[in-house]
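Structure, as structure tokens:
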Amino acid sequence: MKKKKLKILLAAPRGFCAGVDRAIEIVKKSIEKYGSPVYVRHEIVHNKHVVESLKKIGAIFVEELSEIEDKSRPVIFSAHGVPKNVPEEASSLKMEYIDATCPLVSKVHREAENLHKNGSHVLLIGHKNHPEVIGTMGQIPRGSIDLIESIKDASKYEKKSGKDLAFVTQTTLSVDDTKDIINELKKKFPEIKEPKKEDICYATTNRQAAVKNIAKKCDMFFVIGSRNSSNSVRLVEVAKTSGCSNSMLIHSESKIPYQNINNCEIIGIASGASAPEVLVEKFINNLKSKYNITIEESEIIKEDVVFKIPGKLN
């Protein structure tokens with residue numbers, strides 16, 4: 001039987017960003033240096049495939065330092081960053097720790113600290129309970145930073161003190177949604193201080209732009225990534241708002257909706273910043289078994305950002 005023709009528009013850049021690459025490398029190099037096991041507090045990046053592959057070589061994942069039985073072993077902090085009390089706790093337990101926080105997240109941490117030191121009350125635009133948000137809010141004393149999740153939060157927010165207001169943002173948000181929240185805050189508080197440089201990271205911005213570039217041409221759009229990956233979930237939203245309402249996340253337990261794909265001429269594929277390329281290849285190979293595929297890669301920008309790993313691991 002002749003296979004149905006299907007065109008794939010492949011978004012680029014996609015997949016691993018420099019912060020994720022660095023974090024995974026830190027775990028691998030730590031195992032090389034210290035032997036196994038090496039503990040990792042929280043998923044190093046939000047991807048099951050990555051976590052499982054690191055477990056196989058000697059990483060043990062925990063949510064809190066109290067779960068670590070052998071305190072003589074090193075612990076790595078995830079790419080999302082941690083509140084200040086976590087390294088303090090590690091030091092008090094005399095544990096060796098390696099910080100794999102993405103440098104772009106660390107930049108937001110320093111911004112929040114500096115704004116607080118200079119007397120501002122800080123607003124953080126982000127998603128409640130996301131590890132990056134917990135880490136950023138934990139950089140300065142409780143009560144000196146408030147979370148803004150939506151335009152509604154921004155419009156209802158009332159100043160709690162005579163202090164000037166300033167804002168920072170989570171690095172993996174939707175560029176468009178964040179812009180609307182910022183505009184609302186500026187409308188309500190014209191004097192609010194904004195970051196000198198955009199907080200949303202280059203990789204988030206580039207991946208969203210790549211999706212926007214092709215979504216309107218697609219009958220269906222697929223984002224390869226994890227359900228708890230903020231940037232992957234945002235990419236699905238961006239595809240929907242950019243002209244492809246039939247967009248979905250493909251995660252570790254997803255079944256490929258062949259019935260729906262049968263009605264498509266063109267589909268789009270992208271992947272979140274913590275999704276390895278091997279998962280994109282696997283998805284495309286599954287499609288190749290059913291369809292006569294042509295692939296067109298649509299690259300909007302070349303990424304050449306590299307972050308150094310800590311000197312003590314070299």
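The values are calculated or read from the model by the stated rules, or taken from the named source; none is laboratory data. Note that the structure is a prediction, hence the values are computed from the model and not measured. Neighbour counts run over all protein chains shown; Cβ positions are idealised from the backbone, glycine included.
Quick notes on this structure:
- Test result for Lys193, within 20 Å of Val108 (Cβ to Cβ), touching a helix residue (DSSP H, G or I) at 6+ places or on another chain (Cβ under 9 Å) and modelled with pLDDT under 95: no
Per-residue answers, yes or no, for (1) over 25 Å from the mean Cα position of the chain (by Cα); (2) more than 23 Å from Arg22 (Cβ to Cβ):
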| residue | (1), (2) |
| --- | --- |
| Glu63 | no, no |
| Lys71 | yes, yes |
| Leu93 | yes, yes |
| Leu115 | no, yes |
| Arg142 | no, yes |
| Ser155 | yes, yes |
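- Listed by first and then second residue, the pairs with beta-carbon distance under 9 Å, at least 6 apart or on different chains, first residue in the range 296-307 and surrounded by 12 or more Cβ atoms within 10 Å (Cβ to Cβ), second of a type outside the set (A, V, I, L, M) and assigned to a strand (DSSP E or B), are Ser298/Gly268.
- Criterion violated by Gly162 - all others in (1) at pLDDT 95 or above; (2) part of a loop (DSSP other than H, G, I, E, B) satisfied: (1)
- Any pair with Cβ under 7 angstrom, 6 or more apart, that starts in the range 88-101 at a residue that is free of Cβ contacts under 8 Å to residues at least 24 places away in the same chain and within 17 Å of Ile44 (Cα to Cα) and ends at one that is among the aromatic types (Phe, Trp, Tyr) and buried (at least 18 other Cβ atoms within 10 Å of the Cβ): Tyr97/Phe77
- Sole exception among (1) within 24 Å of Ala239 (Cβ to Cβ); (2) without any contact (Cβ under 8 Å) to a residue 40 or more places away in the chain; (3) more than 18 Å from the chain's Cα centre (by Cα) for Glu149, by number: (3)
- Some residue of the range 267-277 being buried (at least 18 other Cβ atoms within 10 Å of the Cβ), of a type in the set (Val, Ile, Thr) and either more than 25 Å from Glu52 (Cβ to Cβ) or outside the structural domain of Val133 (by TED's automatic domain parsing) (or both): yes
- Residue in the range 228-250 that is surrounded by the fewest Cβ atoms within 10 Å (Cβ to Cβ), counting only those that are under 15 Å from the mean Cα position of the chain (by Cα) and outside any helix (DSSP H, G or I): Asn228
- Selection count where residues are in a loop (DSSP other than H, G, I, E, B), touching a residue at least 40 places away in the same chain (Cβ under 8 Å) and of a type in the set (D, E, K, R), scope the range 251-286: 1
- Only one of the numbered conditions (1) touching a strand residue (DSSP E or B) at 6+ places or on another chain (Cβ under 9 Å); (2) at pLDDT 95 or above is not met by Lys3, and that is (2).
- Residue in the range 17-29 that is buried (at least 19 other Cβ atoms within 10 Å of the Cβ), more than 30 Å from Ala209 (Cβ to Cβ), outside the structural domain of Tyr291 (by TED's automatic domain parsing) and in contact (Cβ under 8 Å) with a residue 40 or more places away in the chain present: no
- The set of residues in the range 198-216 being touching a residue at least 12 places away in the same chain (Cβ under 8 Å), surrounded by fewer than 17 Cβ atoms within 10 Å (Cβ to Cβ) and assigned to a loop (DSSP other than H, G, I, E, B) consists of Lys216 alone.
- The range 125-138 - residue that is out of contact with any strand residue (DSSP E or B) (no Cβ under 8 Å at 6 or more places or on another chain) and part of a loop (DSSP other than H, G, I, E, B) and, of those, nearest to Val45 (Cα to Cα): His130
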